[in-house]
Amino acid sequence: MIELRNCEKRFGAHTVLNGINLRFDAGSVTAVLGPNGSGKTTLMKTILGLVRPDKGEVLMDGKPVIGKNIQQTAQYRNAIGYMPQIARFQDNLTARELIAMIRDLRESTAGTREEELCERFNLTEHIDKSLKNLSGGTRQKVNAVLAFMFSPQILMLDEPTAGLDPISASIFKDLVLAERESGRTILLTSHIMSEVHELADTIVFLLEGNVYFQGTPSELLAKAGESTLERAIARLLSNSAPTISASV
């Protein structure tokens, strides 16, 4: 379980997170949505430990994890599997070499799942090809393997199906649902509202550094009086400020 208590982050005179209080439970998928400039990226980076809040704290199972205790922070980060929208790796490495390098860097004593995941995503025939020779979708599959291979307690998934073909996207979503059933804490960002509706137990909608909505997809639909999440999000935005971009 991840908890943010009164987290505030400012960049100069601009408040990006305004006293955020959120809890992400184990065994659930939370979709973090919001327009451009809402604080979504800063929130995700704060949970990852890449941004330190000016005020407040991040806790895992009730214990602070971002602070002066370097060992404790390292243990927390080792509990995270992160899948960015676009991963940047050395193009001259093969997929196999990259997976081995990440495994060595993590120094994990537990078994890893790369063989199972490579087979699931049909990566076996591409495993010894240089990354520069792989398509964007195939690179994204490699990215998925890296995020899931250590069976982390926390999964952070940023636009995870971007570039995936329909079959691979379905395989990925089945994997997310299986990890949820295994008790993982999963955070997801996505522009695909059908994906959010399919996967998310809870939606957190940020607006100007504040939590504008938190609840289930059904509760969001009811609040907005709409039949689809895409229309519900559009209604939230149209009912807020006229200057807000409609990108989530």
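All of the numbers you see were taken from the coordinates with simple rules; none came from a lab. Just so it is clear, the model here is predicted, and its values are computed rather than measured. Note: ideal-geometry Cβ built from the backbone for every residue, glycine included; neighbour counts use all protein chains shown.
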- Item | Separation in nanometres of the label points that stand 7 Å from Cα toward Cβ, at Glu57 and Glu97 | 4.4
- Query: Among Ala74, Ala200, Ala13, whose mean-square fluctuation peaks in a Gaussian network model of the chain (Cα, cutoff 10 Å)?
  - Reply: Ala13
- Item | Length-normalised contact order for the chain - Cα pairs under 8 Å, 6+ apart - percent | 28
- Message: I want to verify the translational diffusion coefficient of region 1-110 in µm²/s; compute it with Stokes-Einstein, Rh as the Kirkwood radius over Cα pairs, at 25 °C and 0.890 mPa s.
- Response: 155
- Task: With label points built 7 Å along Cα→Cβ from the Cα atoms of Asn122 and Gln90, find their separation and express it in nm.
- Result: 3.0
- Under 19 Å from the Cα of Lys129 - aspartates and glutamates, other chains or at least 8 residues apart: Asp91, Glu97, Glu114, Glu115, Glu116, Glu119
- Query: What distance in nm separates the simple spin-label points at Lys132 and Ala234, each placed 7 Å from Cα in the Cβ direction?
  - Reply: 4.4
- Using a 10 Å cut-off on Cβ atoms, rank the peptides 93-99, 185-191, 119-125 from the highest mean neighbour count down. 185-191, 93-99, 119-125
- Query: Taking 0.36 nm per intervening residue step and subtracting the Cα-Cα distance, what contour gain separates Leu50 from Ala79 on full extension?
  - Reply: 9.0 nm
- Using the Kirkwood radius over Cα pairs of the chain, the Stokes-Einstein translational diffusion coefficient at 20 °C and 1.002 mPa s, in µm²/s and rounded to a whole number, is 113
